[in-house]
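The values are calculated or read from the model by the stated rules, or taken from the named source; none is laboratory data. Everything quoted here is computed from the prediction, not taken from an experiment. Virtual Cβ from ideal backbone geometry, glycine too; neighbours counted across all protein chains shown. For the accessible areas, the whole protein counts, side chains as well, though only heavy atoms, and no ligand, DNA or RNA atoms are used. Shrake-Rupley method; radii C 1.70, N 1.55, O 1.52, S 1.80 Å.
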Amino acid sequence: MTQTDFFNISELLTGEQRLIQQAVRDFSDREIKPVIEDFAQKAEFPLHLIPKFGELGVFGPTIPVEYGGGGLDYTSYGLMCQEIERGDSGMRSTVSVQSSLVMWPIYAFGSEEQKRKYLPKLATGEWLGCFGLTEPDHGSNPGGMKTHLTKTEGGYVLNGSKMWISNAPYAQVGVVWARNEDGRVQGVIVERGMEGFSTPEIHNKWSLRASATGELVFDNVLIPETHMLPGALGLKAALQCLDKARYGIAWGAIGAAIDCYETAVKYSAERIQFDKPIGAFQLTQKKLAEMLTEITKAQLLAWRLGQLMDAGKANTVQISMAKRNNVEMALNTARESRQILGAMGITGEYPIMRHMMNLESVVTYEGTQDIHLLILGAEITGIQAFK
């Protein structure tokens, strides 16, 4: 038993899964943590980490080896997300987008030619990808999207825009969703360099400051027939991608919580007030005990969800529950940890405030807390409250 594996969950993992977790943890400690505070303070994206992520194998780990992926199970992918987010939520977002929202839909809905062309380059990090679903006026309601495709000679013309798109400023390729002339949602592949396609960066963020976020703007962009995802027809296809991303978030948020909790435990042993460490006070111990309990519950939830994913039995509602619960837990852990550190908790000398600000985005993207509650509520009652 370790401080943050209180129920010996590591014993439920395979030997390979434990090795993968340790390798990514070592990477996070060596490559992310030493530099991330500086990048966050400057609001810069650590682009140099992209090929290192590719070399580590965290891009498309569940994609078959023949397409450049890792051929691994979903529990291993979850553990990767957890350890990367111990470093930073923005870095896990980069991995989630690349793996779950770009590589997975190309693998699931793309042609053989598309898989061979895009997946190997995305797996190595030679290419960075983005996912265009959210629009300026349609976030929680993707069914209201206005971005549209019009048939033309040799393909389609794409017009519209997407907002709050991770990786957009540096992405070479995007999986984009738009309405066709029949009113159905269709997935297409957009490449940088296509005439009329631009990716202006979003600035002045207080959250995910080390993550590259931007818009996708389509001004009469010609999309050849070769860039249509043949299996990506209907909003359901786009929502399947979100399931994969939400799964990674459910694990990743635990990593941010663990980093905050471990920081608070260490600080409580070192900070002296009234002639003794603050860890000796009952209220500090209460905070730490409650944080560890909630982290442990989230770990068990994520582990069981991983089993269901690996068996092909996990459903949208189960993934939704785990995403909402674990991100809320992480936010509460960050806030309680900050309280233990007092004024020092807001400085860049410690990671807590950065995690807290990041998690304010994580709690919103891929479905807000309210939306996930309503998804679960609809499952319980049989009545959809958001339609």
| said: Restricted to Cα positions, what overall size does the stretch 243-387 have along the principal axes? Three whole-Å values, descending. | reply: 58, 28, 25
| task | Quantify how much of the Cα-Cα distance distribution of the stretch 60-199 extends past 23 Å, in percent. | result | 37 percent
| request: Only Lys, Arg, Asp and Glu count, each charged at its Cβ (+1, +1, -1, -1), so figure out the dipole size of the chain about its Cα centre, rounded to 20 debye. | output: 560 debye
| message | Ignoring ligands, DNA and RNA, please state the percent of accessible area on the stretch 237-328 from carbon and sulfur, probe 1.4 Å. | response | 53 percent
| query | Packing-wise, with mean Cβ within 10 Å as the measure, how do 141-149, 238-246 rank, highest first? | reply | 238-246, 141-149
| task | Report the FRET efficiency, 1/(1 + (r/R0)^6), for Phe7 and Glu153, where r is their Cβ-Cβ distance and R0 is 45 Å, rounded to 0.05. | result | 0.15
| said: Beyond a 29 Å Cα-Cα separation, which of these cross-linked pairs lie in this structure: Lys42/Lys115; Lys33/Lys146; Lys33/Lys121? | reply: Lys42/Lys115; Lys33/Lys146
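Please give the charge dipole size of the stretch 288-337, origin at the Cα centre, charges +1 on K and R Cβ atoms and -1 on D and E Cβ atoms. Round to the nearest 20 debye.
200 debye
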| task | Mind checking the per residue accessible area of the stretch 270-387 for me, 1.4 Å probe, whole number of Å²? | result | 53 Å²
| message | Calculate the FRET efficiency for Gln22 and Leu300 from the Cβ-Cβ distance with a Förster distance of 30 Å, rounded to the nearest 0.05. | response | 0.90
| How big, in percent, is the set of alpha carbon pairs in the stretch 183-244 lying more than 14 Å apart? | 68 percent
| query | So what J values fall out for the stretch 221-228 if you push phi through Karplus, 6.51 cos²θ - 1.76 cosθ + 1.60 with θ = phi - 60°, rounded to Hz, Gly and Pro as x? | reply | 7, 7, 10, x, 4, 5, 9, 7
| note | Here the stretch 358-371 yields Karplus 3J(HN,Hα) values (6.51, -1.76, 1.60; θ = phi - 60°; whole Hz; Gly and Pro given as x) of 4, 5, 5, 7, 4, 5, 9, 6, 6, x, 5, 4, 5, 4
| So, in nm, how far is label Val35 from label Leu239 when the simple model puts each one 7 Å beyond its Cα toward the Cβ? | 4.0 nm
| query | At a Förster radius of 45 Å, what calculated FRET efficiency corresponds to the Cβ-Cβ distance of Ala280 and Ser198, to the nearest 0.05? | reply | 0.20
| note | Taking Cα atoms only, Rg over Rh for the stretch 139-217 with Rh from the Kirkwood formula is 1.00
| note | Calc'd 3J(HN,Hα), the stretch 169-180, phi into Karplus 6.51 cos²θ - 1.76 cosθ + 1.60 (θ = phi - 60°), Hz, glycine/Pro = x, comes to x, 10, 6, 8, 9, x, 8, 10, 10, 8, 8, 8
| Any idea which of Pro136, Gly87, Leu72 is furthest toward the positive side of the dipole for the stretch 40-160, if Lys and Arg beta-carbons carry +1 and Asp and Glu beta-carbons -1? | Pro136
| Estimated 222 nm signal from helices in the chain, with DSSP H stretches of n ≥ 4 weighted -39500 (n - 2.57), rounded to 500 | -16000 deg cm²/dmol
| task | Counting only chymotrypsin sites (Phe, Trp or Tyr not before Pro) that are in a DSSP loop and have at most 15 other C-beta atoms within 10 Å, tell me the longest site-free stretch of the chain. | result | 8-205
| query | What translational D, rounded to a whole number of µm²/s, comes out for the chain from Stokes-Einstein when the hydrodynamic radius is the Kirkwood one over Cα pairs, at 37 °C and 0.692 mPa s? | reply | 154 µm²/s
| Length gained when the stretch Ser140-Thr293 is fully extended (0.36 nm per residue, less Cα-Cα span) | 52.0 nm
| message | Leaving out ligands, DNA and RNA, and with a 1.4 Å probe, what % of the accessible surface on the stretch 75-230 is carbon or sulfur? | response | 49 percent
